[in-house]
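Below is one structure, written out as structure tokens; the observations come after it.
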Amino acid sequence: MSYSSQTKEELCRFEPDSVCCLLAELSGIVSAAGSVVYRGGGGKRLAIETENSAVARRAYRLLREVFDASPELSTMHRARLGGRNAYRVEVGGDEASFVLEGCGIEVSQRRGVPREITVRKCCRMAFLRGVFLACGSVTDPEKEYHLEFALEDEAFAAALVRLIARFDLNAHIIARRQTTLVYLKGQSEITDMLSILGAQTARFAMEDAYIRKELRNNANRAVNCDSANVQRAVAASSRQAQAISRLLAARGEQSLPPALAQTARMRLAHPELSLEELGRMLDPPLGKSGVNHRLRRLEQMAQELDEAGG
């Protein structure tokens, strides 16, 4: 099961504290995934379609508990979904009108976030939970951080962005084919959204994944840094040894001051040693900066010799 499906399974087990939150969640589901079908004789049916069986069961249960309705649950085989099943929850006649009115949805108007349903903060959270169950998805945090709501109504998408902003989260809108996406990026904002929805287990899983990725990245950075330092040290040692060899071949060791001559011998004998290790082998021992100063002086002398010979 995908991370997104696990998140929805968790949300479908969430138990709000009050009936008003159950209504707000159902309103979110109907707003995002509901459609009204008119039949002959002026009758109409409210249908909620979803690809997730847990969400279908949740909508079925909410219709019964909140409105004492008698919904019908059916399974459909969808070729466009690669042969996977889709699920439809329907209520008809007066029940459909009663549910729509109770959810704050007027069929003749462009959909938005019903104000009377989302007065309380807990109800705004429940409404977002319903919208996510109906049309949301969240990417596996091991891959990337992305949470989105796929909507068909641009006006509803804009209203949803305004609702999310009330929780100090910055959602974005993008149009893609026949769909308008409202999405969040970034681990911090998505974990906050998961908490708002009520998916605490999914939030903890994302935070764990984030910590593991940070540890891996820090370890890789440390390894890369150590590797780069080693490569720089090897290159410097090789450059120093070549300069010393040219200098000694041209002038001989006796031409050097004793301290430089000793350092030159040690570098040629131990090209693999770091400056600190090289300093400990000198007599008397010398610190890293002192060894570096002597080697730079030897390189300078070799360069002056090269320039004079040229």
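The values are calculated or read from the model by the stated rules, or taken from the named source; none is laboratory data. These figures come from a predicted structure and were not determined experimentally. Glycine also receives a Cβ, built like all others from the backbone with ideal geometry; neighbour counts cover every protein chain displayed. Protein only, heavy atoms only, side chains kept; ligands, DNA and RNA dropped before computing areas. Shrake-Rupley method; radii C 1.70, N 1.55, O 1.52, S 1.80 Å.
Listing for the model above:
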{"quantity": "Heavy-atom accessible surface of the range 184-248: percent carbon and sulfur, 1.4 Å", "calculated": "57"}
{"quantity": "For the range 1-73, Kirkwood radius (reciprocal of mean inverse C-alpha pair distance, Å)", "calculated": "13.3"}
{"quantity": "Spin-label pair ARG297/SER245, simplified geometry with 7 Å Cα→Cβ offset, distance in nm", "calculated": "2.4"}
{"quantity": "0 to 90° range, to nearest 10: angle between helix 19-33 axis and the chain longest Cα axis", "calculated": "80"}
{"quantity": "Gaussian network model of the chain, springs between alpha carbon atoms under 10 Å - residue of VAL291, VAL161, VAL37 with greatest fluctuation", "calculated": "VAL291"}
{"quantity": "Three semi-axes of the equivalent ellipsoid, the range 146-243, Cα gyration tensor, whole Å, largest first", "calculated": "47, 18, 10"}
{"quantity": "Calculated diffusion of the range 151-310, Stokes-Einstein form, Kirkwood radius summed over Cα pairs, 25 °C and 0.890 mPa s, µm²/s", "calculated": "115"}
{"quantity": "Solvent-accessible area per residue, Å², over the chain with all protein chains present [probe radius 1.4 Å]", "calculated": "54"}
{"quantity": "Rel. contact order, % - alpha carbon contacts under 8 angstrom, at least six apart, the chain", "calculated": "14"}
{"quantity": "Exposed-site-free run, longest, the chain (rule: GluC sites (Glu not before Pro); DSSP loop; at most 10 other C-beta within 10 Å)", "calculated": "145-271"}
{"quantity": "Euclidean distance between Cα centres, the range 258-275 to the range 97-161, Å", "calculated": "73"}
{"quantity": "Nearest-0.05 FRET efficiency for ARG216 and ARG280, computed from C-beta distance (R0 22 Å)", "calculated": "0.05"}
{"quantity": "Over the chain: helical MRE at 222 nm, DSSP H runs n ≥ 4 each giving -39500 (n - 2.57), nearest 500", "calculated": "-19500 deg cm²/dmol"}
{"quantity": "From the coordinates shown, P(r) over Cα pairs in 10 Å bins from 0, in percent corresponds to which of (i) 7, 30, 40, 21, 2; (ii) 6, 26, 32, 23, 11, 2, 0, 0; (iii) 5, 21, 21, 11, 5, 6, 9, 10, 7, 3, 1, 0", "calculated": "(iii)"}
{"quantity": "Cβ charges +1 (Lys, Arg) and -1 (Asp, Glu), total dipole of the range 113-207, debye", "calculated": "340"}
{"quantity": "Segment SER188-ALA236, length gained on full extension (0.36 nm per residue, minus Cα span)", "calculated": "12.9 nm"}
{"quantity": "Listed residues TYR3, TYR87, TYR60 arranged by accessible area, highest first, probe 1.4 Å", "calculated": "TYR60, TYR87, TYR3"}
{"quantity": "The chain: most fluctuating residue of VAL234, VAL30, VAL89 per GNM, C-alpha cutoff 10 Å", "calculated": "VAL234"}
{"quantity": "Assigned charges on the beta-carbon of Lys, Arg, Asp, Glu; the range 187-286 dipole about Cα centre (debye)", "calculated": "500"}
